[in-house]
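Comments concern the structure below.
The values are calculated or read from the model by the stated rules, or taken from the named source; none is laboratory data. Please read these numbers as outputs of a predicted model, since none were measured by experiment. No Cβ is skipped: glycine too gets one built from the backbone with ideal geometry, and neighbour counts run over all protein chains shown.
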Amino acid sequence: MKLIDGNKIAQSIIESLTKEVSKINGPKPTVAFIRVGEDPASVSYVRKKQKTAENIGIQSLLKILPDSISQEELIEEIEAFNDDSNVHGILIQAPLPDHISETTIFNTVKPEKDVDGFHTLNIGKLCQEDPSGFVACTPAGIVELIKHSKIQTEGKHVVVLGRSQIVGKPAALLMIQKGLPGNATVTICHSKTQNLEVITKQADLIIAAIGRPNFVSEAMVKEGASIIDVGINRIPDSSKKSGFRLVGDVDFEAVSKKCDHITPVPGGVGPMTVAMLMQNTLNAYKNQR
């Protein structure tokens, strides 16, 4: 079993970005974060993204809004960043309050500033294999993990667990696209899938993104498969100071014994998501120069 070190791969990308940004004369790339409410996970995620941006030399702005904000007011805040030529990328931290439509909000961000890759136009470009669009950061990070780990996808069966706009759907599109990684036969499974174990046991590569702790068991995985575990789940653990520990969607201890490659949680996909956000921000800056 080969452990895929997401921290190490992400760090190599960040070092490359840092060198490139250091050579920029004049205004630096700038990304604006909008956070609605005080969800602890969202606070932590945005803080980490800002810290990484700072380390690279990318400037960041943070707009914190109350979770009582109306959808119309939030749209006005986004439009202000859309109209600001000094802001090159905009990220709306999800989840948003229930009274706000995430789809509407994601589509309010200008496509050329949509560094999260959630705008309809960028998703459409991904479908058309148009490289000028932005790819959602987590699926883009998965591709980099596969590249660096030299996992073969051409002609292989990839099973994606989850059909979200953020991970499942774009990951599936990336795996079926022409080129490498890609050229795979892809099955998307979800909560309504029947005979799930039969399908996953056919997989050469499983991308697990369903948000259920330790869901993928040893019995669901064939010998020699590779696993990309996107899940980040908090489960109670009295031995930890925080009172909980992080686990993925995959039962790591049991499944890793059968795998060719596997990502840990934490330290697998998570760092790559942040690294690819920074890559998208630099690309947005270049495109707007």
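Within the set LEU61, LEU65, the sole residue that is in contact with a helix residue (DSSP H, G or I) (Cβ under 7 Å, 6 or more places away or on another chain) and modelled with pLDDT of 95 or more turns out to be LEU65. Pairing residues of segment 203-219 that are of a type in the set (Ser, Thr, Tyr) with residues that are at pLDDT 95 or above and in a helix (DSSP H, G or I), at Cβ distances under 8 Å and at least 6 apart in sequence or on separate chains, gives SER217/ALA254; SER217/VAL255.
For segment 234-289, enumerate the residues that are part of a loop (DSSP other than H, G, I, E, B), without any contact (Cβ under 8 Å) to a residue 40 or more places away in the chain and among the charged types (D, E, K, R). Passing the criteria: ASP237, LYS240, LYS241, ASP251, ARG289. Listed conditions (1) farther than 24 Å from ALA10 by Cβ; (2) assigned to a loop (DSSP other than H, G, I, E, B) are all met by GLU73, apart from (2). Checking the structure you have, find out if any residue of segment 84-97 is within 28 Å of ASN7 (Cα to Cα) and at pLDDT below 95. Yes, that holds for at least one residue. Residues that are buried (at least 17 other Cβ atoms within 10 Å of the Cβ) and part of a loop (DSSP other than H, G, I, E, B) within segment 183-212 comprise ALA184, ALA203, ASP204, ALA209, ILE210, listed in sequence order. Could you please give the count of residues in segment 30-67 that are touching a residue at least 24 places away in the same chain (Cβ under 8 Å) and over 30 Å from ARG289 (Cβ atoms)? Residues in segment 30-67 being touching a residue at least 24 places away in the same chain (Cβ under 8 Å) and over 30 Å from ARG289 (Cβ atoms): 7 in total. Considering LYS28, LYS19, the condition of being assigned to a helix (DSSP H, G or I) and charged (D, E, K, R) is satisfied by LYS19 alone. Go through segment 267-289 and give me each residue that's at pLDDT 95 or above and of a type in the set (D, E, K, R). Passing the criteria: only LYS286. Is it fair to say ASN283 is surrounded by fewer than 21 Cβ atoms within 10 Å (Cβ to Cβ), under 17 Å from the mean Cα position of the chain (by Cα) and under 30 Å from PRO27 (Cα atoms)? Criteria met by ASN283.
Could you say whether any residue in segment 233-247 is within 26 Å of PRO181 (Cβ to Cβ) and touching a Ser or Thr at 6+ places or on another chain (Cβ under 9 Å)? No; the residues of segment 233-247 include none that is within 26 Å of PRO181 (Cβ to Cβ) and touching a Ser or Thr at 6+ places or on another chain (Cβ under 9 Å).
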